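These notes concern the structure reproduced below.
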Amino acid sequence: MTGKEYLRLLEANPTYKMVTDAEDLELQAFLEFGKRNLEWVDFINQARPLGSKLSLTSRATQAGNPVSGPRVYNFKVIKDRWSILRALVPETVREIVFNQGPYQARPGLTERELVEWLFQIDQAYQLAARYRMNRPKKHLLAQRISTDVRGYLELRDDPDLDSKLRAWATIGPSKQDYLKRHLLLLCLNSGRSRFECAKKFEAAVLEANVLGFKTAHWKAGEKNYQSFFSLWGSRTDHTWSVLDEKNMYFPFTHPGSPEVHRFLEDNIEAEWQWDGWRLNLDFLRTSDPQVSRVVFEPGVTPHVNWLFGTVIYLDANAPLTEYDVQWTIRHEFGHLLGFPDCYHEFYDEELEAFVSYQLDVTNLMCSRRGKLKETHFIQLKKFYYREEAPEDGAGF
């Protein structure tokens, strides 16, 4: 989400403002700094024409958190980040954001310097806001480590894995520790607890059958990983067959507004195409709730009503020219087709920290830096393409 989306959620939920301990008190101060930062951006933009407003969301500013370098955060990480920022920001920025000084439209920095500092503060704010929202759900999020893909991926990419596991007793303690950590993560993908996995691993070592331990859990790890990318079915309101192999037609309610109509064409149709194939929105002037549509609501967090759903909700207050809005409609449309999100977040009780990562930072469904990939086209063809012509020529 963007900083403004976090702000709206925090403001709308009174429980996020409750101070129950010293940590909450410090967190609230960090959140106030971030709020002032966003208000300062609005203040600067008031006097700027439409084409030159400051923006903290662009393709260039989107951070990637790959599996190999996940974002790991807890209160200490957040507190240290704000301490470093406070020490490093220019004096004018410190005075406005941290010391409640009056907003300035021209704080004596180049625009590039100003945007960079505003962006860094907003990133720290987003992390503090996410921690504040996730903290009450820590125990629920701890259960999601069962679908952590890191063990499977680390082991999958080791070409000599099986030979190392066969020679377990001779590979040395450092390699053993490394492999054990990832084998236990792989075991969690089978739905077992940390305790169960640890006991089974100990038994495998005693029986000199560590390779058997890996083999017993491999398919579960593979299935878990693929679940982040695979369609589970398809819709029935489209047309794509041998009659027109290069085009898929998807019925969509005409938005009425020419500006929104262009926005949908310029983003959904521009993104959802691959090697000569393209998805075409078949705009219909209808009020039928079964026909997919976009709905704009002030302050809403963008989402679809369900996987394979019919409604994409976007924030009415967000300009259609923002990169974040354009990426969002492309991504959320993927959910209408049935693609799941391929990013992951959970609480790691051993680390005492939240962990989040994007399984593929180049993938549209994983990351704001991502785009449509061949894997999407392959999945769509598997579930949507019909090798015989539909009887009525309209849909199936």
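Only one residue in I78, I84 is surrounded by fewer than 18 Cβ atoms within 10 Å (Cβ to Cβ), at pLDDT 95 or above and among the aliphatic types (A, V, I, L, M). Which one? If you could, list the steps in order and put the result at the bottom.
Numbers: I78 fails: surrounded by fewer than 18 Cβ atoms within 10 Å (Cβ to Cβ).
Only one candidate qualifies: I84.
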Taking the condition of being in contact with an Asp or Glu (Cβ under 7 Å, 6 or more places away or on another chain) and charged (D, E, K, R), how many residues in the range 251-291 meet it? 1
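Please specify each residue of the range 133-146 satisfying the condition of being of a type in the set (S, T, N, Q) and surrounded by 16 or more Cβ atoms within 10 Å (Cβ to Cβ).
Residues of the range 133-146 that are of a type in the set (S, T, N, Q), as a first pass: 134, 143, 146.
Correct list: N134, S146.
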Of the residues in the range 245-273 that are acidic (D, E) and surrounded by 13 or more Cβ atoms within 10 Å (Cβ to Cβ), the one that is nearest to P340 (Cα to Cα) is E271
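Please go through the range 337-362 and pick out each residue that is of a type in the set (F, W, Y) and assigned to a strand (DSSP E or B).
We begin by selecting, within the range 337-362, every residue of a type in the set (F, W, Y); these are 339, 343, 346-347, 354, 357.
Across the range 337-362, the qualifying residues are Y343, F346, Y347, F354, Y357.
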Tally, over the range 4-32, of residues that are in contact with a Phe, Trp or Tyr (Cβ under 6 Å, 6 or more places away or on another chain) and closer than 21 Å to G101 by Cα: 1
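Restrict the check to the range 267-286 and report whether at least one residue is at pLDDT 95 or above, within 21 Å of L56 (Cα to Cα), in contact with a helix residue (DSSP H, G or I) (Cβ under 9 Å, 6 or more places away or on another chain) and assigned to a helix (DSSP H, G or I).
Within the range 267-286, the subset at pLDDT 95 or above is 267-286.
So of that shortlist, the ones also within 21 Å of L56 (Cα to Cα) come out as 267.
Pick out the ones that are also in contact with a helix residue (DSSP H, G or I) (Cβ under 9 Å, 6 or more places away or on another chain) and you get 267.
Within this subset, residues satisfying the condition of being assigned to a helix (DSSP H, G or I) are 267.
Yes, the range 267-286 has at least one match.
Condition check ((1) assigned by TED's automatic domain parsing to the domain that holds F30; (2) surrounded by 14 or more Cβ atoms within 10 Å (Cβ to Cβ); (3) touching a Lys or Arg at 6+ places or on another chain (Cβ under 6 Å); (4) within 23 Å of Q358 (Cβ to Cβ)) across all residues:
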| position | (1), (2), (3), (4) |
| --- | --- |
| E113 | yes, no, no, no |
| W117 | yes, yes, no, no |
| D157 | no, no, no, yes |
| K199 | no, no, no, no |
Filtered residue count, the range 1-47, keeping only those that are under 20 Å from Q123 (Cβ atoms), within 24 Å of the chain's Cα centre (by Cα) and of a type in the set (A, V, I, L, M, F, W, C): 8
Just for the range 276-305: of the residues that are farther than 18 Å from D324 by Cβ and among the hydroxyl-bearing types (S, T, Y), which one is surrounded by the fewest Cβ atoms within 10 Å (Cβ to Cβ)? S287
Residue hits (the range 323-342; crowded, with 19+ Cβ neighbours inside 10 Å and either among the aromatic types (F, W, Y) or within 11 Å of P70 (Cβ to Cβ) (or both)) are W327, F333, F339
Out of all the residues in the range 291-309, which are more than 19 Å from the chain's Cα centre (by Cα) and touching a residue at least 60 places away in the same chain (Cβ under 8 Å)? G299
Residue pairs meeting the criteria (Cβ under 9 Å; at least 6 apart or on separate chains; first under 15 Å from R369 (Cβ atoms), in the range 49-60; second of a type in the set (A, V, I, L, M) and at pLDDT 85 or above): T57/V325
Any residue in the range 320-329 that is closer than 30 Å to F383 by Cβ and part of a strand (DSSP E or B)? no
Is there any pair linking a residue in the range 66-91 that is hydroxyl-bearing (S, T, Y) to one that is in a helix (DSSP H, G or I), with Cβ under 6 Å and at least six apart or on different chains, and which? Y73/L127
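The values are calculated or read from the model by the stated rules, or taken from the named source; none is laboratory data. The structure displayed is predicted, hence computed values, not measured ones. Here the Cβ is made from the backbone with ideal geometry for all residues, glycine too, and neighbour counts use every protein chain on show.
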